[in-house]
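Asks: Can you read through this structure? Questions will come right after.
The values are calculated or read from the model by the stated rules, or taken from the named source; none is laboratory data. Only a predicted model underlies this, so the values are computations on that prediction, with no experimental measurement involved. Note that we place each Cβ from the backbone using ideal geometry, even for glycine, and neighbour counts take in every protein chain shown.
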Amino acid sequence: MVTSPETFYQNELNDSSLYQQISRRVMASFRKSARNEDIAKKLIELSNIESKHAAFWAELIKKRGGTPPPYRKRNRGYYSYIGFLQRIFGVSFLVRYLERGEEDAIKEYSEYIERESKEEWEKEQLNKILKDEREHEDAFIQMSSELKGNSESIRDAIYGMSDGLIEVLASVAGLTGVFINNIFVAVGGIVFGASGLVSMTIGAYLSERAKSQIDASQTHRAVSAAGNTALYYFIGAIVPIAPFLFFQRYIALSISFALVMLVDGIVTSVISIQSNGRLRRDLFRSLGLVTLGFIATFAIGLIAHHFIGYLG
């Protein structure tokens with residue numbers, strides 16, 4: 001894991017830039033509040049400290065006879081996408097991601113000090129930087145605690161929406177193989193979605209209710225979780241159903257599939273980022289499973305059509 005001063009230099013510059021960008025987006029958001037403004041100011045402070053760390057690495061590179069490399073912004077597409085998700089879901093879903101970044105930096109610096117640092121002045125400076133990184137981690141832990149309610153609401157939203165998307169897409173894919181009339185497919189999707197909404201809402205309520213029996217602070221969480229799950233399951237279910245209200249069945253099915261893939265990609269990205277997953281791998285896996293489920297249920301509908309013919 002030990003990396004070079006040049007790598008640390010680039011990492012600190014990129015972290016400084018990232019914190020600035022997140023702070024600016026927080027301040028420009030329509031969700032702006034006193035709490036979010038405090039978070040934005042804290043991120044600017046952390047950005048300035050990271051810039052100072054980068055200056056140390058530049059000095060170290062020069063002392064060793066080298067030249068600091070030109071600044072390279074890492075993975076532009078990925079961080080642009082992170083910014084897009086922040087605009088949708090707010091800063092709360094990013095805090096855990098930033099905290100993990102500081103955890104990784106602490107591990108890297110600790111290992112570098114142990115194995116690579118030879119001179120006393122260098123160790124002293126690096127220990128100061130390591131102290132800063134630990135304080136940054138603590139700052140993100142504090143932010144995470146303050147934003148806990150927002151994070152839980154996002155969790156309910158993404159899981160509720162994901163279930164609505166995939167379950168209802170599967171139902172309309174199967175029904176398309178059986179019904180000629182696209183409106184019948186839409187009605188069938190609505191019935192299936194309504195039953196799924198009821199079961200998901202009850203499940204979310206009972207799950208959080210059970211938690212509240214263990215932790216008294218969770219008493220009011222059950223109603224909130226059930227409400228969020230119901231709302232976002234409904235939104236997720238509407239996505240694959242809506243095209244059948246306006247287009248003939250195969251055109252509608254194609255549009256439905258494309259929309260679900262798009263929205264599921266966004267939902268999967270948020271889950272992956274919050275859970276320290278590998279975004280590309282998680283996207284391929286989720287979208288691949290959605291595609292397999294879509295093909296399988298459509299095939300089942302065609303098999304049913306083979307035996308009973310078209311209905312409607």
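Asks: Residue 61 - would you say it is within 19 Å of residue 137 (Cβ to Cβ), among the β-branched types (Val, Ile, Thr), modelled with pLDDT of 85 or more and surrounded by 14 or more Cβ atoms within 10 Å (Cβ to Cβ)?
Replies: no
Asks: Report yes if residue 156 is of a type in the set (D, E, K, R), part of a helix (DSSP H, G or I), modelled with pLDDT under 80 and crowded, with 19+ Cβ neighbours inside 10 Å, otherwise no.
Replies: The answer is yes for residue 156.
Asks: All but one of (1) part of a helix (DSSP H, G or I); (2) modelled with pLDDT of 80 or more hold for residue 226; which doesn't?
Replies: (2)
Asks: What's the number of the only condition in (1) at pLDDT 85 or above; (2) closer than 30 Å to residue 97 by Cα; (3) not hydrophobic (A, V, I, L, M, F, W, C) that residue 189 fails to meet?
Replies: (2)
Asks: Hey, another quick one. Suppose we filter region 266-308 for residues that are at negative phi and either in contact with a Pro (Cβ under 8 Å, 6 or more places away or on another chain) or not β-branched (Val, Ile, Thr) (or both); how many remain?
Replies: 29
Asks: Scan region 3-22 for residues that are within 20 Å of residue 62 (Cα to Cα) and either assigned to a loop (DSSP other than H, G, I, E, B) or among the aliphatic types (A, V, I, L, M) (or both) and report the count.
Replies: Adding up the residues that qualify gives 3.
Asks: Determine, yes or no, whether residue 108 is more than 26 Å from residue 27 (Cβ to Cβ), part of a helix (DSSP H, G or I) and in contact with a Ser or Thr (Cβ under 9 Å, 6 or more places away or on another chain).
Replies: Here the answer is yes, as residue 108 does meet what is asked.
Asks: Name the residues in region 57-94 that are without any contact (Cβ under 8 Å) to a residue 40 or more places away in the chain and on the phi < 0 side of the Ramachandran plot, would you?
Replies: Hits for region 57-94 are 59, 62, 63, 67, 70, 76, 77, 80, 84.
Asks: Name every residue in region 268-291 that is at pLDDT 85 or above and not small (Gly, Ala, Ser), in order of residue number.
Replies: 268, 281, 282, 283, 284, 285, 287, 289, 290, 291 - these are the residues of region 268-291 that are at pLDDT 85 or above and not small (Gly, Ala, Ser).
Asks: Going through 46, 18 one at a time, which residue ends up being in contact with a His (Cβ under 8 Å, 6 or more places away or on another chain), surrounded by 14 or more Cβ atoms within 10 Å (Cβ to Cβ) and modelled with pLDDT of 85 or more?
Replies: Checking each option against the conditions leaves just 46.
Asks: Sticking with this structure for a sec: Just one of (1) more than 26 Å from residue 198 (Cα to Cα); (2) out of contact with any strand residue (DSSP E or B) (no Cβ under 9 Å at 6 or more places or on another chain); (3) buried (at least 17 other Cβ atoms within 10 Å of the Cβ) trips up residue 275, so point out which.
Replies: Residue 275 satisfies all of (1) more than 26 Å from residue 198 (Cα to Cα); (2) out of contact with any strand residue (DSSP E or B) (no Cβ under 9 Å at 6 or more places or on another chain); (3) buried (at least 17 other Cβ atoms within 10 Å of the Cβ) except (3).
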